[in-house]
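Structure, as structure tokens:
The values are calculated or read from the model by the stated rules, or taken from the named source; none is laboratory data. Keep in mind the model is a prediction, meaning the values are calculated, not measured. Note that we place each Cβ from the backbone using ideal geometry, even for glycine, and neighbour counts take in every protein chain shown. Heavy atoms of the whole protein, side chains included, go into the accessibility calculation; ligands, DNA and RNA do not. Shrake-Rupley method; radii C 1.70, N 1.55, O 1.52, S 1.80 Å.
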Amino acid sequence: MSLTRLPASELVPMLRRGEVSSRQLCRAFLDAASARDPVLGAFLHLDADAVLAAADAADASRARGEAAGLLAGLPVAIKDNLCQRGVPTTCASRMLANFKPPYTAHVVERVIAGGGVPFGKTNLDEFAMGSSTENSAFKTTRNPWDHERIPGGSSGGSAAAVAGCLAPLSLGSDTGGSIRQPASLCGIVGLKPSYGRVSRYGLVAFASSLDQVGPFAHDVTGAAMLLQVVAGHDRRDSTSVDLPVPDYLSTLDQPLAGLRVGVAREFFGPGLDPEVEKAVRGALDAYKSLGASIVEVGLPTSPHAVATYYLVATAEASSNLARYDGVHYGHRTAEKTNLIDLYCKSRGEAFGAEVKRRIMLGTYALSSGYIDAYYTKALKARRLILEDFNKVFAQCDVLAGPTSPTAAFKLGEKSSDPLSMYLSDIYTISCNLAGIAGISIPCGFTASGLPVGLQLQAPAMAEETLLRAARMHEKATGWHTRRPAGA
Ligand code: GLN
């Protein structure tokens, strides 16, 4: 099997044993990217010289007998809303087309300190707003399983890079599903950590009370490795939680005896594709045969999650994106006659349609006269959603259900219908509103060969349980070992 099809969980031991050097491995992934990324479109920026220089440094440090770090010279692709000093960080927006940050995000620092080699910047929906990566101002990313279909979003480039075997691991961000949904649609593992588990210092803010950074990998072990490297307290993000990080890898393969898997009635409502339902029910059967008990639970507020999210997220986005004013940094119009004109034209020229739609929605929800009816009400609904989860987690250890109501849809299929696009996040959004942890793992394929994802959710800071439960399923089923044709 070619090196690039192997999961991080096999590549890291090979690097440690010296069976492959970081340079050889990075070269293999760079070759794969030059051959196939012109079609897949996962990367916005990939500097082969910088990758190879970092790989050589990792090899030299190993030759000197220094500790290799958990990632031992493994390449890690980075979503292009995470800053890396001196490297373009565009958020797939014309607004930041020429932006090179003067500092590096905490998670990227941790990847480097953990022996990882930053491997290019991946495509996304502009400012992480979207579910298909079609809102990128720069390019289309294709699903490695079917090039006529979207990879999901907003971290579509990071998901396609791993699924298409152009990188063994990648980082994404998840505000309402942007790691789990593309992981599901691309047939890989994607984890959204609990709010506060991972520092967002250097993540370009979208909705600050929801945003989290997390890993993509072919398998649960790979996701656990990358989480281990990036998790932990950081003073530079005031929401980062000061709690010790458990050793996820040491417990990962210990099955959970007496695991209680909660299934909410609401997960199987209208809009759920029958093939997705079948694969998810198959996953529940797999848990039963592993000795887990299935507990039926209710999440009665879940029908309100999408509306709540699109008020909270847009309100916060309208405030966060106010910084792009054409004065400080980012795009500045060439044709200004006065200051107001400078603001309006700079923003008007550089933001795409979806970003503008959200700024307008959010500004409206926060405006005096409407704030109580919309924003404040959404905060109350958010509280009820959290209380629903608290009740449910008294009855079960993890919740299981679909990640996305459908498999990957066709390019262009939903781009003119924002509402149907918003509905593709129906199962992922409440996890962010409640600040809990969620993961998507492969659980089957449709008849036409498109991957289906199982979402597991666990209480805040219970990543260890989440990962162990995910690993149990993976070991028993083996869906994660498939790769798309041509990858
Ligand atoms: N698809 C959702 C949205 O458009 C979630 C995006 C995200 O998690 N960044 O807002």
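A Cβ distance below 7 Å, combined with a sequence gap of six or more or placement on separate chains, defines the contacts here; from segment 321-342, residues that are small (Gly, Ala, Ser) reach residues that are part of a loop (DSSP other than H, G, I, E, B) in the pairs Gly326/Arg332; Gly326/Thr333; Gly330/Phe99; Gly330/Tyr324. Would you confirm, using the coordinates I've provided, whether Gly435 is open to solvent by less than 20 Å² (accessible area, probe 1.4 Å), out of contact with any His (no Cβ under 7 Å at 6 or more places or on another chain) and more than 16 Å from the ligand (Cβ to nearest atom)? No, not satisfied.
Say we look at segment 400-424 and pick out the residues that are in a loop (DSSP other than H, G, I, E, B) and hydrophobic (A, V, I, L, M, F, W, C); which of these is farthest from Ile436 (Cα to Cα)? It would help to see each step written out before you state the result.
Pass one, segment 400-424, residues in a loop (DSSP other than H, G, I, E, B): 403-409, 411-417, 424.
Among the residues that remain, those that are also hydrophobic (A, V, I, L, M, F, W, C) are: 407-409, 411.
Details: Ala407: 24, Ala408: 25, Phe409: 27, Leu411: 31 Å.
The extreme case among them is Leu411.
Within segment 186-209, being away from the ligand (no atom under 12 Å from the Cβ), among the β-branched types (Val, Ile, Thr) and in a loop (DSSP other than H, G, I, E, B) holds for one residue alone: Ile188.
Given the condition open to solvent by 10 Å² or more (accessible area, probe 1.4 Å) and more than 23 Å from Ile439 (Cα to Cα), answer yes or no: does some residue in segment 149-166 qualify? No, segment 149-166 contains no residue that is open to solvent by 10 Å² or more (accessible area, probe 1.4 Å) and more than 23 Å from Ile439 (Cα to Cα). Of note, Ala72 does not satisfy the criterion of being of a type in the set (Gly, Ala, Ser) and either in a strand (DSSP E or B) or surrounded by fewer than 17 Cβ atoms within 10 Å (Cβ to Cβ) (or both). Please verify whether segment 443-460 includes one or more residues that are closer than 21 Å to Gly214 by Cα, assigned to a loop (DSSP other than H, G, I, E, B) and either more than 16 Å from the ligand (Cβ to nearest atom) or open to solvent by less than 10 Å² (accessible area, probe 1.4 Å) (or both). For segment 443-460, residues closer than 21 Å to Gly214 by Cα, assigned to a loop (DSSP other than H, G, I, E, B) and either more than 16 Å from the ligand (Cβ to nearest atom) or open to solvent by less than 10 Å² (accessible area, probe 1.4 Å) (or both): present.
Of everything in segment 130-184 that is acidic (Asp, Glu) and within 16 Å of the ligand (Cβ to nearest atom), the residue that is nearest to Thr90 (Cα to Cα) is Glu134. The single residue among Ser132, Ser158 that is of a type in the set (Ser, Thr, Tyr) and farther than 23 Å from Gly232 by Cα turns out to be Ser132. Can you work out which of the residues in segment 352-398 that are open to solvent by 70 Å² or more (accessible area, probe 1.4 Å) and hydroxyl-bearing (Ser, Thr, Tyr) is farthest from Ser302 (Cα to Cα)? The selected residue is Ser368. When segment 399-451 is filtered for residues that are closer than 20 Å to Trp479 by Cα, touching a strand residue (DSSP E or B) at 6+ places or on another chain (Cβ under 7 Å) and of a type in the set (Val, Ile, Thr), the ones remaining, listed by number, are Thr403, Ile439, Ile441, Thr446.
Leu185 falls short of the stated requirement of being in contact (Cβ under 8 Å) with a residue 40 or more places away in the chain, within 15 Å of Ala105 (Cβ to Cβ) and buried (at least 24 other Cβ atoms within 10 Å of the Cβ).
Within segment 383-432, restricting attention to residues that are of a type in the set (D, E, K, R) and within 13 Å of the ligand (Cβ to nearest atom), the residue that is farthest from the chain's Cα centre (by Cα) is Lys414. Report yes if some residue within segment 372-392 is among the polar types (S, T, N, Q) and in a loop (DSSP other than H, G, I, E, B); otherwise report no. No.
Selection of first residues in segment 192-220 that are of a type in the set (Asp, Glu) and of second residues that are in a strand (DSSP E or B) and within 15 Å of the ligand (Cβ to nearest atom), restricted to Cβ pairs under 8 Å at least 6 apart or on distinct chains, gives the following pairs, ordered by first then second residue: Asp211/Ser173; Asp211/Asp174; Asp211/Leu203.
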